[in-house]
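Each reported figure results from applying straightforward, stated rules to the coordinates on display, with no laboratory input. In this text the structure is predicted, and so the values were computed from the model without any measurement. When we count neighbours, we look across all protein chains shown, and the Cβ atoms used for this are built from the backbone with ideal geometry, even at glycine.
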Amino acid sequence: MASTASSPAPASASETIIEVRDLHYSVNGRVIFSGLNLQIPRGRITAVMGPSGTGKTTLLRLITGQLRPDSGTVLFDGIDVSSLKTRELYALRRRMGMLFQNGALLTDMDVFENVAFPLREHTNLPESLIRNLVLTKLQAVGLRGAARLYPSELSGGMARRVALARAMATDPDVLIYDEPFTGLDPISMGMIVRLVRQMNNALGLTSIVVSHDVEELASLADTGYIIAGGKVAAAGSFRELKGHGSQIVHQFINGLPDGPVPFHYPAPDYYEQLLTGAA
Amino acid sequence: MRLLGELTDNLRNFVATVGALSLFFGRVIAQTPRALMRPTLIIAQIHNAGALSLVIIMTCGLFVGMVLGLQGYDLLQRFGSEDALGTAAALALIKELGPVVTALLFAGRAGTALASEIGLMRATDQLSAMEMMAVDPLRRVVAPRFLGGVIAMPLLTVIFVAIGIFGVQLVGVQLFGVDAASFWSQMRSSVDVADVMEGVIKGCVFGVACSLIAVYEGYTALPTAEGVGRATTRTVVTSAVLTLILDYMLTALLL
């Protein structure tokens, strides 16, 4: 039986690495989250899905402490992220890696230097060791041969793979993927799916994948959350999500053009507007 | 009544911006000691802000000097004082034109480059990525660029003044036949250390102001193409206005 907004997927405390409790967040009076609860199980791949504009990326920024919630708590391994000072937050972020939608590679550095960047910033490792570590990470994503290319010379899929190598450079506990499949051709998408699965299994990471590619996520993630209307609309395995009774979940999972998320943006009456000539 | 409301809003926005800028300045200064421990980053930014501005600074310095030579000669020969051309031009360049024009050119060339670079880094999530890698962008990106600008600006001012004086000499001595010995000796006897210091102090203050405005505008730019464009425009306009206001205040203070 699928879980609902009031009872997200159960996970015991020891199995949970990230827990969001009664999260409220709004921007310029627009409510993004109103009582969101979710738990990310340790060592597994969790998908966070939802229609565009539901605040999936915002949720990631709240989890990573880039934004502070209006109320509620975000616990990372029992630590309240929103109560941390900048220095403590930066220390915590060394345990997280994040893959941004466009890769967010530093454009004034080549691929090698991008991957070496966190190592150079946080360690005093000798150059020979940094070189070996970087080449190892690049080999893992299949881009050792592109080490001296600049970000402007990479395709979208390659940029994301480099960003993945960079995110892995400091061996984080959690890897967060923000829309990793957007705008990729099927081959690149397949590569990213394989890498996410490999990283998770080989390194024992916890992965959070934010996306609205239901088919890709169904083959990749262990569990999923669907966010809509500022709350968790459904949570559980993909089989449970597909059988969920909620209309919004049904519309989202099956990609229906109309439903609780309407095809038409709210507007005055069509005929009245045409007849009266109002703008 | 509506005018009063708009005036109040503008005043409130102005005070808020000044407050935010001061706070940002404090945060950048707080990161300066750690940024100084990575001199290679600062040297790269001195190259970006300084060395890459050299051609425009030298070209403009030469032509400003040559125009000063023309106008100065025309004015002084009316009183039969052409020999004072060297003194007049040197004082004008060292105390005023050098620092002010260099600051305006710096804002147009290096300031806009800084603002758009940092703004684009914001728009393409590069700054967020750094934060996620537990690297403070203020320390890694902003502070070295700010320091690079602050160091480059007085150096550019000195080069501008030197080339400017060469330009005055080119027109005054080589073209109009002002006596070279009088030109140089009068300049040397009239221009003292205090005059040079005034120019250097102005160069340093304008360097801080223009670099701060550029990195602030870039850092706080909206992460869109329009936002970066606006930040670049504001960098030039604010830097120019602030330079002229500061120039008046410093001149009044140092006279």
Angstrom value of the Kirkwood radius, inverse mean 1/r, which spans all Cα pairs in region B:121-255: 17.8 Å
If you average the alpha carbon positions of region A:105-121 and of region B:71-125, how far apart do those two centres end up, in angstrom? 38 Å
Give the dimensionless ratio obtained when the Cα radius of gyration of region A:135-180 is divided by 2.2 N^0.38 Å. 1.13
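What do you get for Rg/Rh of region B:149-211 when both radii come from the Cα atoms and Rh is the Kirkwood radius? Can you show the working numbers first?
Details: Rg = 14.3 Å, Rh = 13.0 Å.
Rounded to two decimals, Rg/Rh equals 1.10.
For chain B, what does the equivalent ellipsoid look like in terms of its semi-axes, each the square root of 5 times an eigenvalue of the Cα gyration tensor, given largest first in whole Å? Mind dumping the intermediate values first?
Numbers: eigenvalues 304, 89, 48 Å².
So the three semi-axes of chain B are 39, 21, 15 Å.
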Residues of type lysines that A:Lys242 reaches as a straight line, Cα spacing below 19 Å, ignoring anything fewer than 8 places off in the same chain: A:Lys231
Return A:Thr136, A:Thr64 ranked ascending by Cβ neighbour count within 10 Å, so the fewest neighbours appear first. A:Thr136, A:Thr64
Taking the Cβ of A:Ala146 as the centre, find all other residues whose Cβ is under 12 Å away and add up their charges (Lys, Arg: +1; Asp, Glu: -1). +1
Explain nothing, just the number: relative contact order of chain A, from Cα pairs under 8 Å at least 6 residues apart, as a whole percent. 26 percent
If the convex hull of the alpha-carbon atoms of region B:40-109 is projected onto planes in all directions, what is the mean projected area in square nanometres? 5.2 nm²
Cα-Cα separations in region B:108-183 greater than 19 Å, expressed as whole percent: 57 percent
For B:Val236, what is the net charge nearby, where nearby means another residue's Cβ is under 13 Å from its Cβ and Lys, Arg count +1, Asp, Glu -1? +2
So which lysines can B:Lys95 reach, going by Cα to Cα under 28 Å and dropping same-chain residues fewer than 8 places off? B:Lys202
Spelling out what I want: for every residue of region B:107-115, take phi, set θ = phi - 60°, compute 6.51 cos²θ - 1.76 cosθ + 1.60 (Karplus), and round to whole Hz; glycine and proline get x. 4, x, 8, 7, x, 5, 5, 5, 4
For a footprinting-style exposure proxy, rank A:Glu15, B:Glu82 by other Cβ within 10 Å, fewest first. A:Glu15, B:Glu82
Region A:100-226 -> Rg/Rh from Cα coords, Kirkwood Rh, value 0.96
Test of understanding: ordering B:Phe63, A:Phe263, B:Phe206, B:Phe106 by Cβ neighbours within 10 Å, fewest first, what list do you get? A:Phe263, B:Phe63, B:Phe206, B:Phe106
P(r) weight above 18 Å for region B:87-152, C-alpha pairs, percent: 51 percent
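How crowded by other chains is B:130-142, given as the mean number of beta carbons from other chains within 10 Å of each beta carbon?
So the per-residue partner count for this stretch is 6.
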In nm, give the distance between the simple-model label positions of B:Ser182 and A:Glu153, each being 7 Å from the Cα along the Cα-to-Cβ direction. 6.3 nm
Would region B:1-141 count as rounded, prolate or oblate if I go by the C-alpha gyration tensor, calling it rounded below 1.5 in a/c and otherwise prolate when a/b exceeds b/c, oblate otherwise? oblate
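Need one number: convex hull volume per residue for region A:27-119, Cα atoms only, in Å³.
Each residue corresponds to 155 Å³ of Cα convex hull volume.
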Using only alpha carbon positions, build the gyration tensor of region A:69-115, then give the equivalent ellipsoid semi-axes as the square roots of 5 times its eigenvalues, largest first, whole angstrom. 28, 12, 10
For region A:153-279, the fraction of alpha-carbon pairs in successive 5 Å shells from zero, as %: 2, 9, 16, 17, 15, 12, 10, 7, 5, 4, 2, 1, 0
Mind checking the dipole of the protein assembly as shown: about its Cα centre, +1 per Lys or Arg Cβ, -1 per Asp or Glu Cβ, Debye to the nearest 20? 1100 debye
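Translational D (Stokes-Einstein, µm²/s) of chain A at 4 °C and 1.567 mPa s when Rh comes from the Kirkwood sum over C-alpha pairs?
Using the Kirkwood radius from Cα pairs, D works out to 64 µm²/s.
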As a test of the formula, what do you get for chain A when each DSSP H run with n ≥ 4 contributes -39,500 (n - 2.57) and the sum is divided by the residue count, at 222 nm and rounded to the nearest 500 deg cm²/dmol? -10500 deg cm²/dmol
What fraction, in whole percent, of alpha-carbon pairs in the protein assembly as shown exceed 44 Å separation? 34 percent
Which aspartates and glutamates have a Cα less than 16 Å from the Cα of A:Lys85, not counting those fewer than 8 places away in the same chain? B:Glu131, B:Asp136
At 7 Å along the Cα-to-beta-carbon direction for both A:His122 and B:Leu36, put a label point, then send me their distance in nm to one decimal. 2.8 nm
Just to confirm my numbers, what's the Cα centroid distance between region B:36-67 and region B:177-228 in Å? 11 Å
What nm value, rounded to one decimal, do you get for the distance between A:Asp77 and B:Phe63 when each label is placed 7 Å out toward the C-beta? 6.1 nm
Inter-part distance where region A:185-248 and region A:63-101 are each reduced to a Cα centre, Å: 22 Å
Relative contact order [Cα under 8 Å, 6+ residues apart], region A:228-273, whole percent: 23 percent
May I ask you to evaluate 6.51 cos²θ - 1.76 cosθ + 1.60, the Karplus curve with θ = phi - 60°, for each residue of region A:169-180 and list the ³J(HN,Hα) values in order in whole Hz, giving x for glycine and proline? 3, 9, 6, x, 7, 10, 10, 10, 10, 9, 6, x
Taking N as its residue count, the alpha carbon Rg of region A:200-272 over 2.2 N^0.38 Å: 1.40
So, how do all the Cα-to-Cα distances of region A:45-180 break down into 5 Å bins, in percent, from 0 on up? 2, 10, 18, 20, 18, 15, 11, 5, 2, 0
